[in-house]
1. May I ask which of B:Lys61/B:Lys373; B:Lys286/B:Lys428; B:Lys249/B:Lys458; B:Lys125/B:Lys458; B:Lys293/B:Lys445 have a Cα-Cα span longer than 31 Å here?
2. Which parts of region B:145-171 would a label at B:Ser307 reach, counting a residue when its backbone N lies under 17 Å from a point 7 Å out along Cα-to-Cβ?
3. Please give the length that would be gained between B:Ile372 and B:Lys457 if that part of the chain were fully extended, namely 0.36 nm times their separation in residues minus their C-alpha to C-alpha distance (nm, one decimal).
4. Assuming R0 = 41 Å, what is the FRET efficiency of B:Gln449 and B:Glu345, from their Cβ-Cβ distance, to the nearest 0.05?
5. Could you work out the mean count of beta carbons from other protein chains within 10 Å of each residue's beta carbon in B:433-440?
6. What ranking, highest mean first, results for peptides B:255-263, A:21-29, B:328-336 when packing means the other Cβ atoms within 10 Å averaged over each residue?
7. Is the C-alpha gyration tensor of region A:2-74 telling us rounded, prolate or oblate? Criteria: a/c under 1.5 is rounded; beyond that, a/b larger than b/c is prolate, otherwise oblate.
8. Work out the mean other chain Cβ neighbour count within 10 Å for the residues of A:29-38 and drop it here as an integer.
Amino acid sequence: MQNLEKLSKAFTESLGIEPQQVSDTLTYNSIPQWDSTAHMILIAEIENAFNLMLDTDDIIDMSSFAQAKAILAKYEIDFN
Amino acid sequence: MPVSQFFFDNLARYGEAPAAIEGELQVSYQQLQVRCAEFSQQLNQINKQTNSPQKQLIFLKAHNNIATLVAYLTTLQNRHAVLLLDPDIDQSKLDKLIASYQPNLLIDSQTIEQCHSKPLVLESKLALLLSTSGSTGSAKQVCLSADNVQANALSIVEYLPLLASDKTITTLPFYYSYGLSVLNSHLLVGACIVFNQHSLVSREFWQLFKQHNINSFAGVPQSYEMLLRLRFERMDLPSLRYFTQAGGKLAADKIQPLARYANANDKQFFVMYGQTEATARMAYLKSELCETKPHAIGQAIPGGQFSLHDEHGELITQPEESGELIYRGTNIMLGYANCLSDLTEFTPLNELATGDIAYRDSEGDYVICGRIKRFIKLFGLRINLDEVETLLANKGLECYCLGDDTKLLVALTNDVVAQQHIDINELKMWLSRELQINHNVINIKPVAQLPLTNNGKKDYPAVLTMLDD
């Protein structure tokens, strides 16, 4: 579960939102805070938190909280 | 290309060459001229019915689309004066602007709304009005002539490797001087513009890029920070020939990897410098110097001239000695305006004091090393720090605003925060919405007090050290 907390924290800090706003339905551009700038800060937070480098395609595709979990699973980050 | 002809007149001179692409729609220069003629007729019809004056002031909501391009070119062809608006402008800010300038028409894509048909006294040369900061809601506009726009476009095509066969993609707003300069310079040589509404970090953007074999693009510092994070330097973009950066200072450690990427992949990277007051561009750094001189802005564009002046207004002739950077060239604006009556006439300006402090190195390249005026540039937008202070003061929040081209710093006293029950995070979000900048570049901090200098002036350096603690 620790990974899920780490990921949630990356979202709340980069998007400047409350923990309860983080859910699988949270998607890019669905809230004004998640614009292209915040997206890049989010990516930086995720890369730092999990100590990895995401591929270009993964950065572009990481357009929802659910998607972020799916992509990170490819990097062997376990959310179960 | 004869200099006497404006790039926006007689678009049909480039015939069947593609001028613009938007989604599935592609228009040739010939077709673009036809669409301008049709739009012109629509305007004339309204004018005839209401007996409107010949030269009108027109507000145009500037979307990155062909309809906006047609409206923009038509107003220039008809020698009206057009003010380009952020299409997402708040209604309250728009109402304020309309009250200040009383435009005859408001155009939003194909929709023309007549505000009134009264004649306005407008300087005959006035062609274009651009805001320097769409964000603080200030009515202040930079007023440009057709000669200004033409001159700057001519300079740009002289130093950038722009070809008639080129296709560029829009990455910046239409109403922003840098974004507009890309459009103007491409139209001048008969090249093609692909209109794009997507962010650099979206799949749609890169699909368009590859589908149309884009040859060039433009970016502000934040665009390149994103691109570097996207591992831009590892992307395979065979059609890309050159890319440009302006709209604020990009850190040297970001310029260098971009320059190395360009050098290694047979592309060119241009670091440029400008202001809306100079239509757009004033300087560029030769692409081969980007890697070795990542701090420099290079030399004045063709047709322009720089000089440096010390605090007494004396000309500085020695290299490495810093002073205010002064620019001369035919792209210098007519002047500023804050309301309609300012558009009646303009006192010609011989030179433009940039407000930037620079020095010239021994090879004649200029380096910006400071700024006299209290503004910062974020996302290419100028943010006047005094205006932000006023904005917050109007909410009853006395504060100091400072920062650089990477962040906006706001210092409030602990007392104000406690007395007014300020939630720092909420205030940050409010300011982010008001200024239309991402909240991550805003830093609000409570401090013990807002220090004054011995002369009773706001002591910004002192508060900066308090913020650092």
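1. Among B:Lys61/B:Lys373; B:Lys286/B:Lys428; B:Lys249/B:Lys458; B:Lys125/B:Lys458; B:Lys293/B:Lys445, the Cα-Cα distance tops 31 Å for B:Lys286/B:Lys428; B:Lys125/B:Lys458; B:Lys293/B:Lys445.
2. Zone members listed by number: none at all.
3. Contour length minus the Cα-Cα distance gives 29.0 nm.
4. 0.30
5. The per-residue average across the peptide is 5.
6. B:328-336, B:255-263, A:21-29
7. In terms of gyration-tensor shape, rounded.
8. 5
A short reminder: the numbers here are calculations on the coordinates, not readings from a lab. Worth saying up front: this structure is predicted, and the values here are computed from it rather than measured. Please note: Cβ atoms are built from the backbone with ideal geometry, for glycine as well, and neighbour counts cover all protein chains shown.
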